[in-house]
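Below: the structure, in structure tokens.
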Amino acid sequence: MRVTQGTFSFLPELSDQEIHAQCEYAIRRGWALAVEYTDDPHPRNSYWEMWGLPMFDLKDGAGALLEINDCRKTFPSHYIKVNAFDATQGFETVRMSFIVNRPPEEPGFMLRRQEGAGRTIRYTTHAYATNKPAGERY
Amino acid sequence: MLASTSQRSTGNTSSRYKSGVMKYKEMGYWQPDYEPAASDIIALFRITPQDGVDADEAAAAVAGESSTATWTVVWTDRLTACDQYRAKAYRVDKVPNTGPGTATEQQWFAYIAYDLALFEEGSIANLTASIIGNVFGFKPLKALRLEDMRLPLAYVKTFRGPPTGIVVERERLDKFGRPLLGATTKPKLGLSGKNYGRVVYEGLRGGLDFMKDDENINSQPFMHWRDRFLYCMEAVNRAQAETGEIKGHYLNVTAGTMEEMYRRADFAKELGSCIVMIDLVIGYTAIQSMSNWARDNDMVLHLHRAGHGTYTRQKSHGISFRVISKWMRLAGVDHIHAGTAVGKLEGDPLMVQGFYNVLREAHNEVDLRRGVFFEQDWGGLRKVMPVASGGIHAGQMHQLLSLFDDDVVLQFGGGTIGHPAGIQAGATANRVALECMVKARNEGRDIDREGPQILEAAARWCTPLKQALATWKDISFDYTSTDTPDFVPTATASV
């Protein structure tokens, strides 16, 4: 399966040049780029690990690409995403977030159903990869 | 200012309060030198007076009938601070392109100011009972339309606004940087719960973020509401597990009573839904109650504007959707259908953008081209996500993105479910079209001009998109809009 979180997951993987163009867009809009990685792709995993702090003063997309590629070298089989953070009042949130690295094999998720009264079902989504301890998953 | 006002309206007290009938103008409802206070509510009406009624008197009559007046003089006014409570018509302008020499009889824009003390805090019902209560049936007018309102910050802050808002909704869904994608389950009526859930699953699995009940899906003989809720949540959870993405289905909890709506909403919550839906026809008070419920239960609240076309569409009479948008932002909904500009339903592109700006901006500037007459400070009230739904398809993606930017839900019902290769293919076509267009825009390409080529390029590697483009390439709803701004001389072209 393919985890389709992020702004561009239905497109072919972005090349470094295409990632650079998106980073330039974020910088033009005044957003701070940040790189995050994880080996737990659960859709409600809100806190991926931060690859350093958001790059608030970055003026050039090439700098972001450098960080992305360093992160890829360290975690070649993790999910890695680029976030763009907007500090404008009324937003103060992520404005763009796209995946730039993913494991070669994505085993996907198990859906557990616990049947309850009145035909209700309590659902739990479980990432197969997280059966293994952190660091040994992909 | 206040001194001169009170001097003028009470200066000749004995004749003013003599029993009998007098012109509204003479009763103090027309005050051309009045300067609205920052705390006044201002309403802008479009007035078509009956023959022989002059514009000032018609405006004064509207001010009177929407505030303190009745048809005759009453001495009991003198027991009150009536000069303060009287609404003041202070300006009338001829509406451009109406009157002699045009196809439309003479209309007037009338500006009326209301003292804040006239209104109960946090109640759309109270606001509307004054502003649109009696006056729309008033005989001296042929027609009347509420075009816009300026809501003072002090009044805005008495409302709680959207329970979730655009920012928090995106954070909960973990979806950023692109419009959200949805579809309404079709056919609207007749599917059993199990078949209905199939359509929901296919749409979500194929790449949509949301599926949606239609406005008239409640609890009918072919599908009772509990059955629908159970099957839809199976579809949502399955699709989430298959994609690793958060998905949702707007469960319509609209019902005959508040008690029943609460019952249905509670069941939706028990099943783990992230969103519930109501229809505009449930009424302003019910909407505010459901907004409180949504706030208490961390639920996104989707509003379908069912029924609005009966009073928003015709330019001469009714209420502009711009005003409904303002009321609904105060009342507190998270999503509202606000037009597509390019689809099957009424909507001049610039006017629709005006509605979107009212819903999404922290502060509105005067923008007459988009029909926005007043500056409006929203005082930090959360933003409503507009929903574009009705007769749109993947081939229009560049136009939709260019018109509405990222903070919108694009809903392709027929444009998903009617795909020749099935619902999943339809959903995938829309998602690929969207993502490739966002990517191109961010790269600095001119999507208005290059949009069709960008779609064709993506269709070369995405067969579902290729099929969608081939199926709907020539579909457009190119009719002239009825609700257009009266600032620019002609309606903007429907695209």
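The values are calculated or read from the model by the stated rules, or taken from the named source; none is laboratory data. Keep in mind that this is a model prediction, so the values were computed, not measured. All Cβ positions, even for glycine, are placed from backbone atoms using ideal geometry, and neighbour counts span all protein chains on display. When the accessible area is computed, the model is the full protein with side chains, heavy atoms only, and any ligands, DNA or RNA have been set aside. Shrake-Rupley method; radii C 1.70, N 1.55, O 1.52, S 1.80 Å.
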Degrees, to the nearest 10: B:225-243 long Cα axis against longest axis of chain B: 60
Delta accessible area of at least 30 Å² on complex formation, residues of the stretch B:418-438, 1.4 Å probe, chain isolated as reference: B:431, B:435
Separation between Cα centres of the stretch B:94-172 and the stretch B:425-469, rounded to whole Å: 40
Residue B:463 accessible area, 1.4 Å probe, all protein chains in place, Å² to nearest 10: 80
Mean residue ellipticity (222 nm) of chain A, computed from DSSP H runs ≥ 4 via -39,500 (n - 2.57), nearest 500: -6500 deg cm²/dmol
Dimensionless Rg ratio for the stretch B:42-92, taking C-alpha atoms and the 2.2 N^0.38 Å reference: 1.22
Other protein chain Cβ atoms within 10 Å, averaged over every residue that makes up B:211-219: 0
FRET efficiency, 1/(1 + (r/R0)^6) with R0 30 Å, evaluated for residue B:270 and residue A:40 via beta carbons: 0.65
Solvent-accessible surface ranking, highest first, for B:108, B:461, B:75 at 1.4 angstrom: B:75, B:461, B:108
Averaged over B:262-273, number of beta-carbon atoms from partner chains that fall within 10 Å: 1
Accessible solvent surface per residue of the protein assembly as shown, calculated while the other protein chains remain in place, 1.4 angstrom probe, Å²: 40
Unit charges on C-beta of K, R, D, E only; dipole of the protein assembly as shown, Debye: 1240
Distance in nm between pseudo-label sites at residue B:75 and residue B:219 (7 Å out along the Cβ direction from Cα): 5.7
Equivalent ellipsoid, the stretch B:89-132 (semi-axes from 5 times Cα gyration tensor eigenvalues, Å): 32, 12, 6
Candidates per GluC sites (Glu not before Pro) in the stretch A:79-117, loop by DSSP, up to 10 other Cβ within 10 Å: A:92, A:105
Threshold 40 Å², the stretch B:156-196 residues less accessible with all protein chains present than alone (1.4 Å probe): B:167, B:174, B:176
Relative contact order for chain B, counting Cα pairs under 8 Å that sit 6 or more residues apart, in percent: 15
P(r) of chain B over all Cα-Cα pairs, binned every 20 Å from zero, in whole percent: 23, 50, 24, 4, 0
All-pairs alpha carbon distance profile, the stretch A:16-106, 5 Å steps from 0, percent: 3, 15, 26, 25, 18, 10, 3, 1, 0
Rg ratio (alpha-carbon, reference 2.2 N^0.38 Å) - the stretch B:148-210: 1.69
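Averaging sequence separations of C-alpha pairs under 8 Å and six or more residues apart, then dividing by the length of the stretch A:16-106, give the relative contact order as a whole percent. Don't skip to the end; give the middle numbers.
Working: 144 pairs, mean separation 27.5, N = 91.
The value is 30 percent.
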Spin-label model distance (nm) - residue A:115 vs residue A:13, 7 Å beyond Cα toward Cβ: 4.3
Calculated [θ] (222 nm, deg cm²/dmol) that DSSP helices of n ≥ 4 give over chain B, each run adding -39,500 (n - 2.57): -11500 deg cm²/dmol
Volume per residue that the Cα convex hull of the stretch A:73-138 spans, once the total is divided by residue count, Å³: 157
Accessible surface buried once A binds B (1.4 Å probe; total of both sides; Å²): 3400
Surface share of carbon and sulfur [accessible, 1.4 angstrom probe, percent] for the stretch A:16-106: 53
R0 of 41 Å, Cβ-Cβ distance residue B:21-residue B:310: FRET efficiency to nearest 0.05: 0.75
Kirkwood Rh in Å, taken over all unlike Cα pairs in the stretch B:324-453: 15.7
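For the protein assembly as shown, what number results from the quotient of the Cα radius of gyration and 2.2 N^0.38 Å?
1.07
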Cα pair distances exceeding 18 angstrom across the stretch B:66-119, given as percent: 52
Furthest towards positive pole of dipole, A:21, A:76, A:37, structure part the stretch A:16-106, Cβ charges: A:21
Fraction of accessible area attributable to carbon and sulfur, chain B (%, probe 1.4 Å): 50
Simple spin-label estimate for residue B:457 and residue B:97 in nanometres, 7 Å along Cα-Cβ: 3.8
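Take every DSSP beta bridge with both residues inside the protein assembly as shown and express the antiparallel ones as a percent of the total, to the nearest 5.
DSSP beta bridges in the protein assembly as shown are roughly 65 percent antiparallel.
Rounded to the nearest 20 Debye, what is the dipole magnitude of chain B about its Cα centre when Lys and Arg each give +1 and Asp and Glu each give -1 at the C-beta?
Approximately 620 debye in magnitude.
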Proximal charge balance of residue B:429 [Cβ under 12 Å; K/R count +1, D/E count -1]: +1
Rounded accessible area of residue A:14 (nearest 10 Å², 1.4 Å probe): 30
In the stretch A:43-135, chymotrypsin sites (Phe, Trp or Tyr not before Pro) in a DSSP loop with at most 16 other beta-carbon atoms within 10 Å: A:47, A:56
